[in-house]
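Worksheet: the structure to be examined is printed underneath.
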Amino acid sequence: MFHYIGYTANSQSLTISATMCLERLVAMKKIYKVATEHGYYLFKLEELLEQRKVSKNQLMRDTNTDFKVLQRLMKGNVVRIDIEVLARLCNYFHCEITDIIEYVNEN
């Protein structure tokens, strides 16, 4: 989830919008944005790995998930998503599905 960040100093205010934060993470290739007809998906697994200081290899071993499956989930190169894999990842990170993959409807 992205929040607004505010800073005030010497009567000057600087506000970074949630959209700007998202765009920075997308530009840094930590969150992958995949467009669809009416919106887009955000694949946030790589950002989650960095936040929790977990390596891809450690995640692969600890969750018994194939490296290629994890790579596809990180980059958004998926056609179908295995809910068992998502469940293992959510249990491992103690998080919600939307912390890994999020759909944003642009309508």
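Please enumerate the residues belonging to the stretch 33-64 that are in contact (Cβ under 8 Å) with a residue 40 or more places away in the chain, in a helix (DSSP H, G or I) and under 16 Å from residue 86 (Cβ atoms).
Within the stretch 33-64, 45, 48 qualify.
Any idea which of (1) loosely packed, with under 11 Cβ neighbours inside 10 Å; (2) at pLDDT 90 or above is the one residue 102 doesn't satisfy?
Every condition holds for residue 102 apart from (1).
Contact list please: Cβ distance under 7 Å, first residue in the stretch 65-77 and assigned to a helix (DSSP H, G or I), second residue at pLDDT 95 or above and aliphatic (A, V, I, L, M), pairs at least six apart or on different chains.
67/60; 69/85; 70/59; 70/60; 73/45; 74/45
I'd like the full set of residues that are surrounded by 11 or more Cβ atoms within 10 Å (Cβ to Cβ) and part of a helix (DSSP H, G or I), limited to the stretch 78-91.
85, 86, 87, 88, 89, 90
The values are calculated or read from the model by the stated rules, or taken from the named source; none is laboratory data. It should be emphasised that the depicted structure is a prediction, and the values quoted were computed from it without experimental measurement. Cβ: placed from backbone, ideal geometry, glycine included. Neighbour counts: every protein chain shown.
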